[in-house]
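The values are calculated or read from the model by the stated rules, or taken from the named source; none is laboratory data. The model shown is predicted, which means the values in this text are computed figures rather than measured ones. For neighbour counting, all protein chains shown are included, and Cβ atoms are generated from backbone atoms with ideal geometry for every residue, glycine included. Side chains are part of the model used for accessible areas, which takes the heavy atoms of the whole protein and leaves out ligands, DNA and RNA. Shrake-Rupley method; radii C 1.70, N 1.55, O 1.52, S 1.80 Å.
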Amino acid sequence: MTKKLFWENPYLTELETRVASVKGNDVTVEETIFYAFSGGQESDHGTIGRHRVLEACKQGKEIVYTLEDGHALEPGHPALIRIDWDRRYKLMRLHFAAELVLELVYRNLPSIQKVGAHIARDKARIDFQWNGNISAVFPAVDSETLRIIKADENIISEFSDEEKEERFWEIKGFARVPCGGTHLRKTGEIREIGLKRKNPGKGKERIEVYVPE
Ligand SMILES: [Zn+2]
């Protein structure tokens, strides 16, 4: 099973590893820095052994990478993994920005229910079941996120259960939040946060979260 180095060091952009298995264009590797879609955070983009990865897919605890046609990799071959770091870092910043926004929405509206979340390269979104106008909490969420970003708090990100690969993040003043995404080291890396309200209808409210490039 692949060792997931994107958790212990989410800042690695290149890794020399070995191919573990090959089935047509699907390969697995001994160790990886290449994140596969999970918890709403999109997969990385990049290459394995100079071949473009078309898809990264979690299968249980394994990650299967589908390469473009024409690779000649075999089990045991050395393989350099490279990820699109600009994209990943933006995803990490948007991810943590969305985590903070969500925690602060819960603080301001304890009875609200999250029904979905997605982190893409341009923005993150969080969907709620809520009959009011979610932008009513924006001033409170804005000022509190700004305070946390300015304070440049340490973000702790560790296993709660290593066997089950369950992880959490934690910052000062917040309870542990379960999440298997890749997290920043410091809240200051978010730099700034922008919020937009969307109203998809049917008692749903959406917050779009933006961070500067
Ligand atoms: Zn997270």
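For the reader, a short list of remarks on this structure follows.
- Of all residues making up the stretch 20-47, the number that are under 15 Å from LEU5 (Cα atoms) and more than 16 Å from the ligand (Cβ to nearest atom): 7
- Subset of the stretch 195-213 [among the charged types (D, E, K, R), open to solvent by 70 Å² or more (accessible area, probe 1.4 Å) and either in a strand (DSSP E or B) or on the phi > 0 side of the Ramachandran plot (or both)]: LYS196, ARG197, LYS198, LYS202, LYS204
- Qualifying residue in the stretch 139-151 (condition: without any contact (Cβ under 8 Å) to a residue 24 or more places away in the chain and touching a strand residue (DSSP E or B) at 6+ places or on another chain (Cβ under 9 Å)): no
- Criterion applied to ILE126, ILE148 was being among the hydrophobic types (A, V, I, L, M, F, W, C) and assigned to a helix (DSSP H, G or I), and the one residue passing it is ILE148.
- Top-ranked residue in the stretch 64-106 [being among the hydrophobic types (A, V, I, L, M, F, W, C), open to solvent by less than 10 Å² (accessible area, probe 1.4 Å) and over 14 Å from the mean Cα position of the chain (by Cα); ranked as farthest from PRO10 (Cα to Cα)]: VAL105
- Failed item in (1) more than 15 Å from the ligand (Cβ to nearest atom); (2) surrounded by fewer than 17 Cβ atoms within 10 Å (Cβ to Cβ), with PHE138 passing the rest: (2)
- The set of residues in the stretch 151-183 that are open to solvent by 80 Å² or more (accessible area, probe 1.4 Å) and under 18 Å from the mean Cα position of the chain (by Cα) comprises ASN154, GLU158, GLU166, ARG176, PRO178.
- Residue match in the stretch 89-107 (condition: among the basic types (Lys, Arg), within 21 Å of LYS3 (Cβ to Cβ) and at pLDDT 95 or above): no
- Within the stretch 110-121, considering residues that are over 13 Å from HIS95 (Cβ atoms) and assigned to a loop (DSSP other than H, G, I, E, B), the one nearest to the chain's Cα centre (by Cα): ILE112
- Taking residues in the stretch 176-194 that are of a type in the set (Lys, Arg), and partners anywhere that are open to solvent by less than 10 Å² (accessible area, probe 1.4 Å) and in a loop (DSSP other than H, G, I, E, B), not one pair has Cβ atoms closer than 7 Å while being at least 6 places apart or on different chains.
- Checked against the criteria, SER21 does not count as in a loop (DSSP other than H, G, I, E, B) and modelled with pLDDT of 95 or more.
- Matching residues in the stretch 160-172 - criterion: being touching a residue at least 24 places away in the same chain (Cβ under 8 Å) and in a loop (DSSP other than H, G, I, E, B): GLU165
- Against the conditions (1) exposed (fewer than 12 other Cβ atoms within 10 Å of the Cβ); (2) small (Gly, Ala, Ser); (3) over 23 Å from LYS3 (Cα atoms), GLY188 satisfies every one except (1).
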